[in-house]
1. Accessible surface of Asp156 in the full protein assembly, 1.4 angstrom probe, to the nearest 10 Å²?
2. Once the mean 1/r over all distinct Cα pairs of the stretch 1-113 is inverted, what Kirkwood radius in angstroms do you read off?
3. Could the peptides 81-87, 27-33 be put in order, highest first, of the mean number of other beta-carbon atoms found within 10 Å of their residues?
4. Name the residues whose placed amide hydrogens come within less than 5 Å of the amide hydrogen of Val192, ignoring near sequence neighbours (fewer than 5 apart) on the same chain.
5. Say the cut-off is 19 Å between C-alpha atoms; which of Lys139/Lys183; Lys136/Lys183; Lys98/Lys136; Lys122/Lys183 go over it?
6. Using the Kirkwood radius over C-alpha pairs as Rh, can you work out the diffusion coefficient of the stretch 148-196 via Stokes-Einstein at 25 °C, viscosity 0.890 mPa s, in µm² per second?
7. Mind computing the radius of gyration and Dmax over the alpha-carbon atoms of the stretch 120-161? Å is fine for both.
8. Mind checking the alpha-carbon convex hull of the stretch 35-167 and giving the volume per residue in Å³?
Amino acid sequence: MSESKPSLKARLCERLKKLRTIKIGIVGIVIAFVVGIMFWGGFNTALEMTNTEKFCLSCHEMADNVYPEYQETIHYTNRSGVRATCPDCHVPHEWGPKMIRKIEASKEVWGMLTGTINTREKFLEKREHLAQNEWKRMKANDSQACRNCHNYEYFDYMEQNSRSATAHQKGFAEGATCIDCHKGIAHQLPAVHQNVRAGEKGVTAEVMHPTRNKASAASAVDDDDFAGIE
């Protein structure tokens with residue numbers, strides 16, 4: 001016996017059921033898309049809010065210590081009228097590195113909440129440690145923040161004075177990065193060890209100019225190799 005075909009009513013009901021399922025699926029996708037846009041918009045807005053100088057200065061540790069120093073530098077006021085703000089130098093522009101930096105900055109929030117440097121005395125005591133941490137970070141990423149504005153491939157050495165032009169070309173040839181030489185350009189340097197008295201505290205020459213000292217050591221080795229040869 002052959003099976004009887006479903007009635008017209010049954011076929012219509014089945015089709016309507018499929019259409020209803022498709023409609024619900026489309027509505028769900030649209031809702032998820034809208035919610036996603038709202039979430040992303042809110043997240044990105046909050047993220048960019050934390051990338052403003054105003055947000056940085058909401059912590060008195062910044063406003064009372066490093067900001068007044070920054071106001072006295074060429075990055076704050078200069079002949080071109082281009083100002084580099086706190087996030088320009090301390091927060092990467094690229095998405096991935098920016099997220100990593102934000103996660104790392106959570107430790108700084110904890111430091112603020114626990115009062116690690118909530119007085120001028122505490123800040124000065126930790127100044128060398130804080131500076132070295134930032135120098136190491138910038139060294140590790142090849143001075144990424146500096147190169148957001150300063151691209152050495154665009155340097156016109158004819159427009160630089162002879163000392164700068166020579167130093168830049170020599171440094172790049174040796175594999176140096178901006179922070180190897182340009183420390184203290186936006187904030188005061190911590191105490192520098194001058195090798196005057198034994199036990200004097202301060203940043204050593206090896207920390208201040210690691211590339212330069214490496215080159216000096218290599219030069220010394222070369223000199224020893226030829227010592228005594230006339």
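The values are calculated or read from the model by the stated rules, or taken from the named source; none is laboratory data. Everything quoted here is computed from the prediction, not taken from an experiment. Neighbour counts are summed over all protein chains in view; Cβ atoms, including those assigned to glycine, are modelled from backbone coordinates with ideal geometry. Protein only, heavy atoms only, side chains kept; ligands, DNA and RNA dropped before computing areas. Shrake-Rupley method; radii C 1.70, N 1.55, O 1.52, S 1.80 Å.
1. 80 Å²
2. Every distinct Cα pair counted, the radius reaches 19.5 Å.
3. Highest mean packing first, the order is 81-87, 27-33.
4. Val203
5. From Lys139/Lys183; Lys136/Lys183; Lys98/Lys136; Lys122/Lys183, over 19 Å: Lys122/Lys183.
6. 192 µm²/s
7. Considering the stretch 120-161 through its Cα atoms, Rg and Dmax are 15.4, 45 Å.
8. Per-residue hull volume (Cα only) is 159 Å³.
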